[in-house]
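Reviewing the structure listed below.
The values are calculated or read from the model by the stated rules, or taken from the named source; none is laboratory data. Every value quoted in this text rests on a predicted model; they were computed, and no experiment measured them. Virtual Cβ from ideal backbone geometry, glycine too; neighbours counted across all protein chains shown.
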Amino acid sequence: MAPAFERTPAASGPLVQGFAGNGFRIGGIAYQGVLLTPERAMAWDPPAPGALAPADVEPALAADPEFLLLGTGAAQAFPPRAFVAALEARGVGVEAMDSRAAARAWGLLRGEGRWIAAALMPL
């Protein structure tokens, strides 16, 4: 008897469908920078990675995510230690990587049903 496979339902909410220029295509809309929660996508005009402050990602944190996927643009960069410490004090971890990797991780983790947020800087 052959094994039966079942398709797991896709996670609800915004998913990155592809890359558009130096940004992302989500729900048919092109974004340069974007904040993502399991419920919505928001256009985002971020500062440089080294200048990030918690207030810059506050709309994404309002969803009370497990952690924040931080896409730092075309190359990986690390946010200020004070930024990471402030989010960790709120119980939100930070995973920094280049924005393409963060977009792929978003789709994978949301497919698992994880309650996360993402801040994707332009490519």
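A compact table of results
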read-out	value
Among (1) more than 12 Å from the chain's Cα centre (by Cα); (2) surrounded by 21 or more Cβ atoms within 10 Å (Cβ to Cβ) - the single one Arg81 does not satisfy	(2)
Some residue of the stretch 27-34 being within 23 Å of Glu112 (Cα to Cα) and either modelled with pLDDT of 95 or more or among the charged types (D, E, K, R) (or both)	yes
Whichever residue in the stretch 22-49 is in contact (Cβ under 8 Å) with a residue 40 or more places away in the chain and outside any strand (DSSP E or B) and, among such residues, is farthest from Met121 (Cα to Cα)	Pro38
Pairs, first farther than 15 Å from Glu66 by Cα and surrounded by 18 or more Cβ atoms within 10 Å (Cβ to Cβ) in the stretch 91-106, second modelled with pLDDT of 95 or more and hydroxyl-bearing (Ser, Thr, Tyr), C-beta under 6 Å, six or more apart	none
